[in-house]
1. Sort out for me the Cα centre separation of the stretch A:155-211 from the stretch B:1-52, rounded to whole Å.
2. Count neighbours as other Cβ atoms within 10 Å of each site's Cβ, and list the trypsin sites (Lys or Arg not before Pro) in the stretch B:46-138 that are DSSP loop with at most 16 such neighbours.
3. Please find the FRET efficiency linking residue A:111 to residue B:221, where r is the Cβ-Cβ separation and R0 is fixed at 25 Å, and quote it to the nearest 0.05.
4. For the stretch B:204-230, which residues drop by 20 square angstrom or more in accessible area between the chain on its own and all protein chains together (1.4 Å probe)?
5. Considering only DSSP beta bridges whose two residues both sit in the protein assembly as shown, what percent are antiparallel, to the nearest 5?
6. Could you pull out every whole DSSP H run in chain B that spans at least 18 Å of Cα extent along its own axis and averages -1.0 or higher on the Kyte-Doolittle scale?
7. Would you count, across chain A, every pair of lysines whose alpha carbons are under 21 angstrom apart, provided the pair is eight or more residues apart or spans two chains?
8. Pick out, in residue order, every one of the chymotrypsin sites (Phe, Trp or Tyr not before Pro) in the stretch B:61-166 that is DSSP loop and has at most 15 other C-beta atoms within 10 Å; say none if there are none.
Amino acid sequence: MTILHADNVSYGIACRQLVSQISLVCESGQFVALLGANGAGKSTLIRMLTGLEKPSSGQVWLDGQSVRTIDRRVLARRRAYIPQNARTEWPVAVERLVALGLMPQIPVFGDLDRQAWRKVEAALAMCDLSHKIGQPATTLSGGELARAMLARALVGEPEIVIADEPLSGLDPKHAMDGVARLASLARDGRLIIASIHDLTLAARYATHVAILRDGKLLAQGPTASTLTASCINTAFDVEACVHGTGAQAIVDFIARADAPARPSAA
Amino acid sequence: MPLMLALLLAAAGASLVVGKVWLPPGVLLDGLSAPKPNLAWLIVTELRMPRTLLALMVGATLGLGGAVLQGLLRNPLAEPGLLGVSGGAALGAVIAIYFGLSARFVLATPLLGIAGALLAGALTFLFGRSGTLTLILAGAAVSGLAAAGLALALNFAPNPYAAYEIVTWLLGSVAEKEWGQIALCAPFMLAGWLCLAATPRGLDALTLGEAQAESLGINLNLLRALALAGVALSVGAATAMTGAIGFVGLVAPHLVRPFVGYQPSRILLPSALFGAILLLVTDMAIRVIPTAAELRLGVLTSLIGTPFFFWLVLRLRRLSP
């Protein structure tokens, strides 16, 4: 059992508080969706959860040990992080890109052995990319690149996968595929934490949600009881209604009759 | 790779043969076996061998430095000159010449060159710490500072001869260096190479961008420090010896990149080898091209390198509209 615990973490730059006093406990087997309007502090919270950013105050604990004190290679083996709009800088082949995820596993001057390549092939197969082997990663479509990045994150078999808007820029089919894949990883016993803007997909697939507004945690808990119309209203400033739960859930937004049409605030 | 090694050996061998006095292999071998000293032996051991070795070392340094910097900055236009390291080294060496320190103390030029490179590298690192773009901008600013310093030195040159000496030295050359000078710079270059040899893993991780590289357990600050220290030491020592030799660090990584699947770590060694070959061949071309005064090495590499640079810019513009 893996427990990732954000303990009263805050983060501020130049007297602006991006995240204030958030406490959040996530366990393996959960798919935690971080929800909130743009600028609510999701990305900052995610970077602190990965251990890459040091909180101004508070701590993030991984199984009782502060993530900032865990050896960076050990931490890299235990949790994978996919940043927003992850892309590749050089036109390396897809399998080479995915193999980079094994970097924390292999010795400093070692190369990939046959067993490592089998893991790469398995990760590619899991993300439906087996037919792309040999293709430069820069020529992949948006959906394929997102899958390649997920394969890169999964190849090292981490206990925790943390992804910042893994569905952004994906068409409906790829977005649904992507979120379903994350959900099945959680069912396999991993801890998945992802910031998601599509509330319907979050309502259908996430086991838990954490809702942020202005850097503060508005609500957290199991999806069905936490993601309510009133909570969405407070977090996003839009009227919403939630129909159904689980795989049939739909989150709808309602245009307010009295409010003038204004450029999207979400 | 074996092909490149063979090419390198061939170029190095040819570099002993080619020059104002041609030494065909037969004469060369005769000279080596005949009682010493004789003319062929003197030419080879005192002129050609230092020159060849220096071209080889400097070319490899520039190729390696360029490959590491391009990987680190993920910018195909990066090279030691871009971060102000070459400029800093040139300024340091010119100060040694200008103040007459080099006349009083032989080691002054190389030592001040290395100091200049380190200082420029550190300055670039200090100001450009927050990211790739700022690093490049800081490098441009430091280059500008070094250029201003060089102009100042020329402005206040005590006599026309000093100014002439500075200008000629700046043009870059591997000719007329002594074994002692090479021996002095070699340890610094070697130390620089060792720093750079510790970077390939981090460079590979940077294929995924800085955030993912960091999440894979790469210490980015350490990686940047290693790359900059390595480039400052090796390129600083090289520039102090030979003056500014541009574009080798830009061209070499580019030409080998497609052959190794664009993987940053696999570029380093071929790029170093190719840089050495490139500089050896250019240096031979200089000896063969009949000009009144010998064409300076840095001039020819710039003449060849600039069109390549334009081609790169055009290609980048096409790739990223």
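The values are calculated or read from the model by the stated rules, or taken from the named source; none is laboratory data. Being a predicted model, the structure only gives us computed values, none of them experimental. Positions of Cβ are backbone-derived with ideal geometry, glycine not excepted, and every protein chain shown enters the neighbour counts. The area values use the complete protein model at the heavy-atom level, side chains included, leaving out ligands, DNA and RNA. Shrake-Rupley method; radii C 1.70, N 1.55, O 1.52, S 1.80 Å.
1. Each part reduced to its Cα centre gives a spacing of 66 Å.
2. Within the stretch B:46-138, the qualifying trypsin sites (Lys or Arg not before Pro) (loop, at most 16 other Cβ atoms within 10 Å) are B:129.
3. For residue A:111 and residue B:221, the calculated efficiency is 0.45.
4. Residues shielded by partner chains are B:204, B:207, B:208, B:211, B:212, B:214, B:215, B:216, B:217, B:219.
5. 60
6. In chain B, the long hydrophobic H runs are B:2-17, B:49-73, B:85-98, B:108-127, B:132-155, B:179-197, B:220-242, B:264-288, B:297-319.
7. 5
8. B:99, B:105, B:156
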